[in-house]
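Report on the structure given below.
The values are calculated or read from the model by the stated rules, or taken from the named source; none is laboratory data. Treat the numbers as computed from the prediction; the structure is a model and nothing was measured. Positions of Cβ are backbone-derived with ideal geometry, glycine not excepted, and every protein chain shown enters the neighbour counts. All accessible areas refer to the heavy atoms of the entire protein, side chains included, with ligands and DNA or RNA removed. Shrake-Rupley method; radii C 1.70, N 1.55, O 1.52, S 1.80 Å.
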Amino acid sequence: KKLERIKIRLQTVLLQGNMDNIPSIGSLVKENTQMAGMLHKLGILFYQDADKTLDQVCREKGIDPEKVFRHFGLLRKSQDFDLSQLSHYPIEILVAILRNSHQLFIKQNLPFLFQTISEMDEKRFYNPEIAADLKTVFPIFAEDFIRHIYEEEDTLFDHIQFLLDSTRSIANPGKLFFRLRARSIQHFAMHHEGHDNEMAGIRELTGNYSMPADADLFTTILYRELQDFEYQLRQHALIENQLLLPKALRLENEVRWRLDQTCILN
């Protein structure tokens, strides 16, 4: 509802031609912090253009204001998944949901946070020491996180697809036997526990995202985005740990049973 009010207010002002009443970029992102990421996708950096109006920035960058309005509907919302509902989804759908989340992390969340942190003015940050540490720590975190994502897709998701294929037909029992010995869902589950709290270092560095009541706009937006990113990661981990891995374990047991039956028949 808040997002819709902002959209209506902006469209009304532009249609009336009264540019004096157009809110600044700074006030817009302060009212709805998710706008900072959306504007970033359009090449508008809230911390560089905070004092300018949306109309001014659009004219300077040659962006059609209507394009901005269309992006309102694409704003990323916090992923409040209903685990009870998702529990009824087949494992293929769960993998697709998790893959889509990976793409959002890599193409939207991380680029916005990475550029925002790398370009921030430490002197304007409420705590210059924390700002300097974030510039050092976040790129390391991002690199490790991306590596983890690709590793998960190339190992766990690939193994699940292999198991699904094996439930349809077992063309090569020998290959399946050695594959099941080399990889197991239990091994993935134990390994995955170490990645469930990727943001622990960032959270500790920022004092659990605590900031003074009069914190500047940059600090407010950055901390809220970091906090929201961690929330999304926790939601992502819940789907993996509580839904995907248990279903994958049952799937693997079924494949093992089918392999045993094939060996008996042969």
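Could you list, in sequence order, all residues of the range 212-243 that are open to solvent by 30 Å² or more (accessible area, probe 1.4 Å), within 21 Å of residue 142 (Cα to Cα) and touching a Leu at 6+ places or on another chain (Cβ under 7 Å)? Within the range 212-243, 238 is the sole residue that qualifies.
The number of residues in the range 185-211 that are outside any helix (DSSP H, G or I) and open to solvent by less than 30 Å² (accessible area, probe 1.4 Å) comes to 3. Note on the range 21-79: enclosed helices (runs of 4 or more DSSP H) holding 3 or more residues that are in contact with a helix residue (DSSP H, G or I) (Cβ under 6 Å, 6 or more places away or on another chain) and modelled with pLDDT under 75 are 65-72. Of all residues in the range 218-241, those satisfying the criterion of being hydroxyl-bearing (Ser, Thr, Tyr) and closer than 15 Å to residue 30 by Cα are 219, 220, 223. Screening residue 109 with (1) closer than 30 Å to residue 214 by Cα; (2) loosely packed, with under 12 Cβ neighbours inside 10 Å gives one miss only, at (2).
Whether a residue is at pLDDT below 90 and closer than 29 Å to residue 132 by Cα was assessed, and residue 190 does not pass this test.
Would you please name the residue that is surrounded by the fewest Cβ atoms within 10 Å (Cβ to Cβ), looking only at residues in the range 27-54 that are of a type in the set (Val, Ile, Thr) and farther than 17 Å from residue 228 by Cβ? Per the stated criteria, the residue is 53. One residue stands out in the range 121-169 among those that are touching a helix residue (DSSP H, G or I) at 6+ places or on another chain (Cβ under 6 Å) and not in a helix (DSSP H, G or I): the one that is surrounded by the fewest Cβ atoms within 10 Å (Cβ to Cβ), namely 126.
Checking every residue in the range 149-164 against the condition of being of a type outside the set (A, V, I, L, M, F, W, C) and in contact with a Cys (Cβ under 7 Å, 6 or more places away or on another chain) gives zero matches.
You will find that of 260, 228, the residue that is part of a helix (DSSP H, G or I) and free of Cβ contacts under 8 Å to residues at least 24 places away in the same chain is 260 and no other. For the range 245-264, check the following and say yes or no: at least one residue is under 30 Å from residue 45 (Cβ atoms), surrounded by fewer than 16 Cβ atoms within 10 Å (Cβ to Cβ) and among the aromatic types (Phe, Trp, Tyr). Looking through the range 245-264, none of the residues is under 30 Å from residue 45 (Cβ atoms), surrounded by fewer than 16 Cβ atoms within 10 Å (Cβ to Cβ) and among the aromatic types (Phe, Trp, Tyr). Restricting the range 203-227 to residues that are acidic (Asp, Glu) and at pLDDT below 90, the residue that is farthest from residue 152 (Cα to Cα) is 214. Taking (1) at pLDDT 90 or above; (2) of a type in the set (Gly, Ala, Ser); (3) open to solvent by less than 40 Å² (accessible area, probe 1.4 Å) in turn, residue 96 satisfies each apart from (3).
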